[in-house]
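Report on the structure given below.
Every number here is computed from the coordinates shown, using simple stated rules; none is lab data. Nothing here was measured: the structure is a model prediction, and the numbers come from that model. Note: ideal-geometry Cβ built from the backbone for every residue, glycine included; neighbour counts use all protein chains shown.
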Amino acid sequence: MSHVKLDDVRNVYNGAEGNLWELIMGQQIHIGGFKSSMDLSKRAGISAGEEGADLCCCNGAGMRFLVRFCAVGKMIGFDAAETVIERGRERCQREGLKNIELVLADACNCGLADASVDFVWGEDAWCYVVDKLKLIKEAVRITKPGGTIAFTDWVTGDESMSKEESARFLAFMKFPNVQSISGYRKLLENQGCEVIEALDTERFAPYISLYLAMIDQQLTYDALQILNYEVEKLESMAEEMQFLQTLAEQRKIAQGRFIARKH
């Protein structure tokens, strides 16, 4: 547990740090990008014409993916950072995607009616939420009986971090806490869901290596521009990302994939 609050997360995605993550990872600011989204949607059985909600939707790239490549009928996304919501709205308007709505709201209290969507979606974002139980309850509440909850997230791995490693990891990423794979399974099961899949995608370490290589070999100037040309700040961030890679290689952190059905 860290002392990170929602305002700290907002500051990340309303500022330079969020822009840097998008530079490195693209619009789909999650490990694996398009491949991860396609993998999750296929395994979850997301079908044409369904209506879904994206909790912690960031700029809405996940919803645009679902509408374009899974023929989802309608998506509504919720995020607490105003900058990414506005950016997402602009992108949807520019791309002519009228069946996507982005709402500035707390994902743990989104305001949708009970049992109102066919599925709930999330990609590497629930790690920013303080109360994971409250978020899972909200996801289950708004999902129709028989509907699906499908998400990926940054989680703790098979090996334990030291207190110092955990504190450094949480502080750099602005995470209040992270769940484990077994922890998410238990939360979902306790809310009346059948867990279809809860596992490590094995993507974390190789993708962090990719991001580091991109900064070092191609995107250095672009990254420096975002950081007001502060070389020391970029070097510091690269050092912290190398630390993440080490944790992943030691199986202390991972990207988890979760698919559950609401009874």
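Cα-Cα over 23 Å: which of 163/233; 137/262; 132/163?
Correct reply: 163/233.
Report the Rg/Rh value for segment 83-221, based on alpha-carbon coordinates and the Kirkwood definition of Rh.
1.00
Using +1 at the C-beta of Lys and Arg and -1 at the C-beta of Asp and Glu, which of 146, 176, 253 has the Cα lying farthest in the positive direction of the dipole of the chain?
146
Going by amide H atoms built from the backbone, whose H comes under 5 Å of the H on residue 77, apart from near neighbours?
54, 101, 102, 103
Give me the orientation-averaged projected area of the Cα convex hull of segment 76-125, in nm², one decimal.
Dividing the Cα hull surface by four gives the mean projection, 3.9 nm².
What does the net charge come to around residue 244 if you take all other residues with beta carbon closer than 14 Å to its beta carbon, with K and R at +1 and D and E at -1?
After counting each charged neighbour, the total is 0.
What do you get for the angle between helix 16-25 and the principal long axis of the chain? Use alpha-carbon atoms, 0 to 90 degrees, nearest ten.
Between the helix axis and the principal axis of the chain, the angle is about 80 degrees.
What angle, in degrees between 0 and 90 and rounded to the nearest 10, separates the Cα long axis of helix 33-44 from the longest principal axis of the Cα atoms of the chain?
For helix 33-44, the angle is close to 30 degrees.
Return the long-range amide H neighbours of residue 147 (sequence gap of 5 or more, or a different chain), with a cut-off of under 5 Å between placed amide H atoms.
Result for residue 147 returns 262.
Restricting the count to DSSP beta bridges whose residues both fall in the chain, what percent are antiparallel, rounded to a multiple of 5?
If we restrict to bridges inside the chain, about 45 percent are antiparallel.
Just order 26-32, 112-118, 143-149 by mean Cβ neighbour count inside 10 Å, highest at the front, would you?
In descending order of packing, they fall as 26-32, 143-149, 112-118.
From the C-alpha coordinates alone, can you work out the Kirkwood hydrodynamic radius of segment 164-263, in Å?
Evaluated over segment 164-263, this radius sits at 15.6 Å.
Show me 191-200, 80-89 ranked by packing, highest mean number of other Cβ atoms within 10 Å first.
80-89, 191-200
Provide the percentage of antiparallel DSSP beta bridges, counting only those with both residues in segment 1-125; round to the nearest 5.
0
Output the Cα-based Rg and Dmax of segment 1-143 in Å, rounding Rg to one decimal and Dmax to a whole number.
Considering segment 1-143 through its Cα atoms, Rg and Dmax are 14.2, 42 Å.
Could you calculate the contour length gain from residue 167 to residue 130, that is, 0.36 nm times the residue separation minus the distance between their Cα atoms, to one decimal place in nm?
11.8 nm
Net charge near residue 262, counting Lys/Arg +1 and Asp/Glu -1 over other residues with Cβ under 13 Å of its Cβ?
Charge balance near residue 262 sits at -1.
Could you give the dipole magnitude of segment 178-251 about its Cα centre, charging the beta-carbon of Lys and Arg +1 and that of Asp and Glu -1, in debye to the nearest 20?
260
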